[in-house]
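Worksheet: the structure to be examined is printed underneath.
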Amino acid sequence: MTVKDTSSPMRALILGGTAEARELATLLVNKGWHITTSLAGRVKHPRLPAGEVRIGGFGGPSGLARWILDEKVDVIVDATHPFAERISTSAYEAARATHVPLLALHRPAWEEQPGDRWIHVSTMREAALKAQRFAHVFLTIGRQQLAPFADDTDNLYVIRSVERPSAPLPARHRIILDRGPFSLSSEKKTLIDNQIDVVVTKNSGGSTYPKLEAARSLNIPVIIVDRPPLPASWVVTSADEAVKALNHL
């Protein structure tokens, strides 16, 4: 049995890209951990966390497992977006192959509140079919999964993303390039100014959800893509909880 050298810092790989991942990296670096955060590289100018940063894929579960062993990682933290199914699955399989503990840091999902008019769907294709019933659609799903909406030639799609989309787009579209967080008042103004009839979003979760509050206050329905099932793992919902869990290591 290999015993951890207590004189060397604990080494964690954080699969990041979220605010929670950045918060956790800061907390662990301040505690003396050696942290490497892996980013997918889809955003040209990402917000960088504390510690080392690695950008790009690993080459699937086997490539991730090799990297974990080569870098002598003590624990893996999956703090990716709740819809990043591929990397979450790779992390689970790599953890099993290497016997390195895996902690999942996933923010709580949003829950429907009185006054909400949510239309639940399980896939983006299903969301696109539902959206065709409305004349003015607000897409807040990022820029990676816009293709299912491109077949609609009749309705207007207002698309908000951090960077300009490169995927096929609906014939009638308007692009808003902006990065949150957004306030309730600004979200209401966006919905009103663009005469939005429906909002399309993923159930990304988190402590604030002004676009959903704005839709509720204006009685606008929301097509919400429910979270995909993720591999079973050790799960926490905040960076502080993650630190407490990791202290047990």
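Quick one: would you say Phe58 is assigned by the TED database to the domain that holds Ser217 and of a type in the set (Phe, Trp, Tyr)?
Numbers: assigned by the TED database to the domain that holds Ser217: no; of a type in the set (Phe, Trp, Tyr): yes.
No, not satisfied.
How many of the residues in region 71-111 are out of contact with any Ser or Thr (no Cβ under 7 Å at 6 or more places or on another chain) and part of a helix (DSSP H, G or I)?
Qualifying residue count for the region: 11.
Within region 22-31, identify whether any single residue is outside any helix (DSSP H, G or I), modelled with pLDDT of 90 or more and surrounded by fewer than 19 Cβ atoms within 10 Å (Cβ to Cβ), and answer yes or no.
First, the residues of region 22-31 that are outside any helix (DSSP H, G or I): 31.
Pick out the ones that are also modelled with pLDDT of 90 or more and you get 31.
Then drop every residue that is not surrounded by fewer than 19 Cβ atoms within 10 Å (Cβ to Cβ), which leaves 31.
Yes - at least one qualifying residue is present in region 22-31.
Out of (1) open to solvent by less than 30 Å² (accessible area, probe 1.4 Å); (2) in the same structural domain as Gly206 (by the TED database); (3) closer than 30 Å to Ile68 by Cα, what's the single condition that is false for Ala128?
Only one criterion in (1) open to solvent by less than 30 Å² (accessible area, probe 1.4 Å); (2) in the same structural domain as Gly206 (by the TED database); (3) closer than 30 Å to Ile68 by Cα is unmet by Ala128, namely (3).
Going through Leu191, Leu139, Leu218 one at a time, which residue ends up being hydrophobic (A, V, I, L, M, F, W, C) and open to solvent by 40 Å² or more (accessible area, probe 1.4 Å)?
Just a single option satisfies the conditions, and that option is Leu218.
Collect the residues in region 8-21 that are part of a loop (DSSP other than H, G, I, E, B) and open to solvent by less than 50 Å² (accessible area, probe 1.4 Å), keeping them in residue-number order.
Ser8, Met10, Gly16, Thr18
Please go through region 98-118 and give me each residue that is crowded, with 17+ Cβ neighbours inside 10 Å and among the aliphatic types (A, V, I, L, M), ordered by number.
Val100, Leu102, Leu103, Ala104, Leu105
Just checking, how many residues over region 167-182 are small (Gly, Ala, Ser) and either open to solvent by 80 Å² or more (accessible area, probe 1.4 Å) or touching a residue at least 12 places away in the same chain (Cβ under 8 Å) (or both)?
Number of matching residues: 2.
Just name the residue that is farthest from Val73 (Cα to Cα) out of those in region 35-56 that are among the hydrophobic types (A, V, I, L, M, F, W, C) and in a loop (DSSP other than H, G, I, E, B). Step through it out loud before you land on a result.
Of all residues in region 35-56, those among the hydrophobic types (A, V, I, L, M, F, W, C) come to 35, 39-40, 43, 48, 50, 53, 55.
Imposing the further condition that a residue be in a loop (DSSP other than H, G, I, E, B) reduces the set to 40, 43, 48, 50.
Details: Ala40: 19, Val43: 26, Leu48: 20, Ala50: 17 Å.
Across region 35-56, the extreme among qualifying residues is Val43.
Considering only residues of region 221-249 that are of a type in the set (D, E, K, R) and over 16 Å from the mean Cα position of the chain (by Cα), which is surrounded by the fewest Cβ atoms within 10 Å (Cβ to Cβ)? Outline the logic, then answer.
Applying the first criterion (of a type in the set (D, E, K, R)) to region 221-249 yields 226-227, 240-241, 244.
If we keep only those that are over 16 Å from the mean Cα position of the chain (by Cα) too, we end up with 240-241, 244.
Numbers: Asp240: 13, Glu241: 15, Lys244: 11.
Step by step, filter region 221-249, then rank; the result is Lys244.
Of all residues being open to solvent by 20 Å² or more (accessible area, probe 1.4 Å) and in contact with a helix residue (DSSP H, G or I) (Cβ under 6 Å, 6 or more places away or on another chain) in region 80-97, which is farthest from Tyr209 (Cα to Cα)? Just the residue, please. Talk me through it step by step, then tell me what you get.
Initially, region 80-97 is screened for residues open to solvent by 20 Å² or more (accessible area, probe 1.4 Å), giving 81, 83-87, 89, 92-93, 96-97.
The next check asks that each one be in contact with a helix residue (DSSP H, G or I) (Cβ under 6 Å, 6 or more places away or on another chain); those that pass are 93, 97.
Numbers: Glu93: 32, Ala97: 38 Å.
Checking each candidate, the answer is Ala97.
For region 205-236, enumerate the residues that are modelled with pLDDT of 95 or more and polar (S, T, N, Q).
Those that are modelled with pLDDT of 95 or more and polar (S, T, N, Q): Ser217, Asn219.
The values are calculated or read from the model by the stated rules, or taken from the named source; none is laboratory data. Because the structure is predicted, anything quoted here is derived from the model rather than measured. FYI the Cβ positions are ideal-geometry reconstructions off the backbone, even for glycines, and counts take in every protein chain you see. Accessible surface is based on the protein model in full, side chains and every heavy atom, while ligands, DNA and RNA are left aside. Shrake-Rupley method; radii C 1.70, N 1.55, O 1.52, S 1.80 Å.
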